[in-house]
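Have a look at the structure below before the remarks.
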Amino acid sequence: MNKIIKFATTQREVITYYHIIVNLVYMKQSRYNHYIENGDWSYWYNPLYNQFFRLPIELGRKLNSFLDQHVDLGNVSPVFYQKLVDSKFLVEEEVDEIELVRSNYKRAVENKRAFLIIMPTLNCNYKCWYCIQDHIVSMMSEDTVNAILRHVDYMINVEKIESLHVDWFGGEPFMFYNQVIKPLSKSIIAKCNEAGIPFKNSSTTNAYFLTDKVSKDLEELKFSFFQITLDGDKLNHDQVKFMEGLDSAFDRALINIERILEDNKDVTILLRINYTHKNLSSSIVEEVCCRIPLKYRDRVTIMPKKVWQEGVDKSFESVLCNIMQEFTDKGFRVSLWSPIQSFMPCYVSSKYYKAINFNGNVLKCTACNDLYCSEPRGVICHDGSIRWLDDFDKKTSEASFETEDCLECKKLPACMGICPRDHIQKMKYCKYNNEDGHFETSVIAYIEEQYRRMRD
């Protein structure tokens, strides 16, 4: 090939000669290509390779028809042909893409970037009606703190993890910020620094306890991300989250969010909107904008999430799209539901993921009754290792997509199967049917967001 290319004098000649060489190997369409039309654009997306682009709709239609009719695109348009080859929309005939999915899954499961959820308490200052947890009075003991530190030592010295991400969860974890989060974070950071292991903190919180004092500690404690929930607009939110002596939980959360963004330039916020089909209207956009200045909005991502008790209503998608577009126009980042996954259906599948409850019990899933089981799924041993009951860790790592329907599905690399716990219980369903939105809409929103980021 180098000898041929050497004689080329123009870019077009280079492309043409390159096509001659590439075309010696027969190419086929990837089984995971998605072609979607919307408005003036055609969107091209492949979740296996995380490749995408968009074209003016007429050009996209013509290119797509060429592919469907098996036209020799290399002769018709060498430039587009090469674009499709480079972005893996066209792959070599012998490529087994299902095996690539399997190998990606195995690699993701065995990835040594450790993720540890720590739950200082199951208690909470709010009592949201949709919450899946029983908010029992509780606080992590010193013995459990020491057990966690032994486990961190084990992960660093024996498991040889490459990094550690701690996420504080609950209940409301910041109820015990001074007693648990701050001192335990400092100890873990010291261990990671000594070992040269990258570390970061994050939390899922209602933001009530993110006071001025806490905000000023966040950089030292290496907090980089918070997931904070709003329950619709201010009126609806304050009907869900309330406590004696508090005028507005909505205002309190947003005031604290603004403070954190102002004090910590590297912190990002996922503002999750837990919605029903009645609590969400465009009024929420201006209410949030009143509290979060324009200069911080590019560090805030808005993500709507239907509460699990609410039924599916695909027609509600238009409402979501309109509200999310308003947020986009105001400078926020938006995620309707990202189709891009980490080649796992859930982080629960990861070998180096676990959650530690306030009582020292080790879990794989925080959205289940394992939080309250008298016989825990796992326990921290004296040497810091985890002993799992009935090989539960291995069962959650089994691929849940090894079914005929999943293996034939074009969405597989974006989905990777059902919930690991449901898989253990031999349940079968398509999780895309459980959302108000559509896969195609999510793809379009994702691609548009990527183009917006490239412009910025």
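Could you check, for segment 178-194, whether at least one of its residues is assigned by TED's automatic domain parsing to the domain that holds residue 365, in contact with a Gly (Cβ under 8 Å, 6 or more places away or on another chain) and among the β-branched types (Val, Ile, Thr)? Step through it out loud before you land on a result.
So in segment 178-194, the residues assigned by TED's automatic domain parsing to the domain that holds residue 365 come out as 178-194.
Imposing the further condition that a residue be in contact with a Gly (Cβ under 8 Å, 6 or more places away or on another chain) reduces the set to none.
Among the residues of segment 178-194, not one is assigned by TED's automatic domain parsing to the domain that holds residue 365, in contact with a Gly (Cβ under 8 Å, 6 or more places away or on another chain) and among the β-branched types (Val, Ile, Thr), which makes the answer no.
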- Task: Go through segment 321-343 residue by residue and tally those that are out of contact with any strand residue (DSSP E or B) (no Cβ under 6 Å at 6 or more places or on another chain) and at pLDDT 85 or above.
- Result: 9
- Query: For residues in segment 295-315 being in a helix (DSSP H, G or I) and not charged (D, E, K, R), which is nearest to residue 282 (Cα to Cα)?
  - Reply: 315
- Task: Give the residues of segment 364-397 that are touching a residue at least 24 places away in the same chain (Cβ under 8 Å) and closer than 22 Å to residue 173 by Cβ, sorted by residue number.
- Result: 364, 365, 366, 367, 368, 371, 372, 378, 380, 386
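Kindly check whether there is at least one residue in segment 181-194 that is hydroxyl-bearing (Ser, Thr, Tyr), touching a strand residue (DSSP E or B) at 6+ places or on another chain (Cβ under 9 Å), within 30 Å of residue 276 (Cα to Cα) and buried (at least 17 other Cβ atoms within 10 Å of the Cβ). Working first, answer last.
As a first pass, look at segment 181-194 and keep what is hydroxyl-bearing (Ser, Thr, Tyr): 185, 187.
Next cut, touching a strand residue (DSSP E or B) at 6+ places or on another chain (Cβ under 9 Å) only: 185.
Filter again for within 30 Å of residue 276 (Cα to Cα), leaving none.
No, segment 181-194 contains no residue that is hydroxyl-bearing (Ser, Thr, Tyr), touching a strand residue (DSSP E or B) at 6+ places or on another chain (Cβ under 9 Å), within 30 Å of residue 276 (Cα to Cα) and buried (at least 17 other Cβ atoms within 10 Å of the Cβ).
Could you please let me know if residue 436 is under 26 Å from residue 275 (Cβ atoms), among the charged types (D, E, K, R) and out of contact with any Cys (no Cβ under 8 Å at 6 or more places or on another chain)? So that I can check it myself, show each step before the final result.
Values: under 26 Å from residue 275 (Cβ atoms): yes; among the charged types (D, E, K, R): yes; out of contact with any Cys (no Cβ under 8 Å at 6 or more places or on another chain): yes.
So residue 436 passes the test.
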- assigned to a strand (DSSP E or B), of a type in the set (Asp, Glu) and modelled with pLDDT of 90 or more: does that describe residue 37? yes
- Task: Could you figure out which of (1) modelled with pLDDT under 95; (2) assigned to a helix (DSSP H, G or I); (3) surrounded by 15 or more Cβ atoms within 10 Å (Cβ to Cβ) isn't true of residue 318?
- Result: (3)
- Criterion violated by residue 420 - all others in (1) of a type outside the set (Val, Ile, Thr); (2) more than 16 Å from residue 109 (Cα to Cα); (3) touching a Pro at 6+ places or on another chain (Cβ under 7 Å) satisfied: (2)
- Task: Output the qualifying pairs, or none if there are none: Cβ atoms under 9 angstrom, residues six or more apart or on different chains, first residue in segment 308-329 and in the same structural domain as residue 283 (by TED's automatic domain parsing), second residue modelled with pLDDT under 80 and of a type in the set (Gly, Ala, Ser).
- Result: 314/437; 316/437; 317/437; 320/437; 321/437
- Query: For segment 49-62, how many residues meet the condition of being in contact with a strand residue (DSSP E or B) (Cβ under 7 Å, 6 or more places away or on another chain) and crowded, with 16+ Cβ neighbours inside 10 Å?
  - Reply: 5
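Which fully enclosed strands (runs of 3 or more DSSP E) of segment 188-287 have 1 or more residues being at pLDDT below 95 and acidic (Asp, Glu)? Spell out how you get there, then give the answer.
Details: elements: 199-205, 223-230, 268-275.
Strands (runs of 3 or more DSSP E) meeting the threshold: none at all.
The values are calculated or read from the model by the stated rules, or taken from the named source; none is laboratory data. Remember, predicted model here, so these are calculated numbers, not experimental data. Heads up, the Cβs are rebuilt from the backbone with ideal geometry, glycines too, and the neighbour counts pull from every protein chain shown.
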